[in-house]
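Here it is, the structure in full.
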Amino acid sequence: MDQESLSKMLEKCLSELHKAYEGDCDAERAERNAALFLEMQIKLAEVISQAELRAKSAKNEIDRLSAEKYFEFKSAGGEGKKMTEVALEQSINKDVDVNKVKAENIKFEAEYKKWNFIMQTLSNGHIYFRNVSKRDGMI
């Protein structure tokens, strides 16, 4: 699902929540909204999957690049001068390439967490609208 379609659908969900807050939600509308929220959850599952994949891939890249830098710094000293493990670790931590990948990872993890939070909210919205439709349908 492309970002624009996802944003429009999410805006529709937010709009329906706002209407419910204002008291504009009969049983039929609540039933449709429950379906809307469920549909959004299904579509969002793919987005979450991709966000998780990006975050885990970035984490793997941090590990790979850190290991590469470790051996690069360790062998750079030559035979006459050996770096301590602490110095190697600090050299890796301040390396520009490693920090760039870490920054990307932070961004990807934040995106993953955001979509998971939205998924939980949609789940709660779905339950809310199902309960409203059942309650109002009984009256």
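For the stretch 37-101, count the residues as N, evaluate 2.2 N^0.38 Å, and divide the Cα radius of gyration by that value, please.
Rg over 2.2 N^0.38 Å, computed on Cα atoms: 1.74.
From the phi angles alone, apply the Karplus equation (6.51, -1.76, 1.60; θ = phi - 60°) to the stretch 113-121 and give each ³J(HN,Hα) in whole Hz, x where the residue is Gly or Pro.
5, 4, 5, 5, 4, 4, 4, 5, 5
Something else now. Quote to one decimal, in nm, the extra length available between M1 and K59 on full extension: 0.36 nm per residue of separation minus the C-alpha distance between them.
Here the answer is 18.4 nm.
Quick one: helix 27-76 against the long Cα principal axis of the chain, what's the angle to the nearest 10°, folded into 0 to 90?
Roughly 0 degrees between the two axes.
Quickly rank 1-12, 93-104 as a protection proxy: mean count of other C-beta atoms within 10 Å, highest first.
By packing density, highest mean first, the sequence is 93-104, 1-12.
Need one number: nm distance between label points at N131 and D26, each 7 Å from Cα along Cα→Cβ, rounded to one decimal.
Between N131 and D26, the simple spin-label model gives 2.3 nm.
Can I ask one more? Between helix 3-21 and the chain, what is the angle of the helix's C-alpha long axis to the longest principal axis, kept within 0 to 90° and rounded to the nearest 10?
Once rounded, the angle reads 50 degrees.
What is the distance, in nm, between label points placed 7 Å from the Cα along the Cα-to-Cβ direction at K107 and at K81?
3.6
Out of A27, A76, A58, any idea which swings most in a Gaussian network model of the chain, alpha carbons joined below 10 Å?
The residue that fluctuates most here is A76.
Separate question: Describe numerically, in nm with one decimal, the distance between label points set 7 Å from Cα along Cα→Cβ at Q50 and at E68.
Going by the 7 Å Cα→Cβ label model, 2.6 nm.
In whole Å, what is the distance between the alpha-carbon centres of the stretch 55-118 and the stretch 11-48?
Using only Cα atoms, the two centres lie 42 Å from each other.
Here's another thing I want to ask about it. Note the angle between two axes, namely the Cα long axis of helix 85-94 and the longest principal axis of the Cα atoms of the chain, as a number of degrees from 0 to 90, rounded to the nearest 10.
So the helix axis and the longest Cα principal axis differ by about 50 degrees.
Each reported figure results from applying straightforward, stated rules to the coordinates on display, with no laboratory input. Everything numeric in this text was worked out from a predicted model, so none of it was measured. Glycine gets a Cβ as well: all are built from the backbone with ideal geometry, and neighbour counts include every protein chain shown.
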